[in-house]
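Coordinate-derived values only; no laboratory data. The model shown is predicted, which means the values in this text are computed figures rather than measured ones. When we count neighbours, we look across all protein chains shown, and the Cβ atoms used for this are built from the backbone with ideal geometry, even at glycine.
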Amino acid sequence: MVIDSTLVLANGRAEESREPYMQMAKLNVLIGTWLVERQKSDNGGKSWTFYSAATVQVKPRMKGLLLEEFVLQAKNSSFNMGTYISYDQYQKVFRQAAVEDYWGLMDISEGKVEGDTLILINTESKTYYPMGEGRLRALKVRVELSSPSRMIFIDESYDEGKSWAPTFQLHYQLL
């Protein structure tokens with residue numbers, strides 16, 4: 001005889017999912033349809049250049065235990081990305097899988113909410129981006145948890161996270 005030890009709460013959620021659900025609720029402000037304007041810097045953040053815009057949607061999935069961001073419409077962009085964020089209650093970290101349509105790589109980042117910002121870094125997973133001449137780029141992503149306007153700041157490192165330089169900033173405006 002097999003006994004199922006899963007306690008199901010009144011709302012249909014398993015007791016085991018309570019902590020990740022509560023942690024993911026911190027990211028609910030990201031849910032919606034957004035216009036994203038992307039800028040890049042080739043000089044460590046001294047100046048910024050607009051390079052593309054897109055309309056994206058952020059939706060909860062898996063009973064609220066996963067957030068998915070995907071591009072609805074890209075404007076003048078040769079680079080698009082989809083992301084998936086969940087919370088690992090055993091390691092006590094948020095984990096993001098980001099998939100892009102340039103290299104076709106899946107980048108895995110981990111991090112925590114600090115104040116009103118989710119900070120994710122890919123140095124543990126070592127899912128670095130090849131940038132030519134043997135250089136590998138690590139990324140640190142800082143996601144502002146605000147609405148109806150928010151920013152994502154992305155810093156790059158070529159020394160496995162010992163030093164960081166600003167490289168991308170994305171302005172999100174809720175539609």
- Here the longest stretch of the chain that holds no GluC sites (Glu not before Pro) in a DSSP loop having at most 16 other beta carbon atoms within 10 Å is 1-123
- Given the options Q73, Q91, Q57, which has the most mean-square fluctuation in a GNM of the chain, springs set between C-alpha atoms less than 10 angstrom apart? Q91
- Note on the structure: Largest-first semi-axes in Å of the equivalent ellipsoid built from the Cα gyration tensor of the range 45-87 are 26, 14, 7
- Whole-Å distance, taken between Cα centres, linking the range 63-92 and the range 122-158: 14 Å
- Item | Links that overshoot a 21 Å alpha carbon limit, given the list K92/K140; K40/K92; K26/K92; K75/K126 | K40/K92; K75/K126
- Net charge over other residues, Cβ less than 13 angstrom from the Cβ of A25 (K, R count +1; D, E count -1): +3
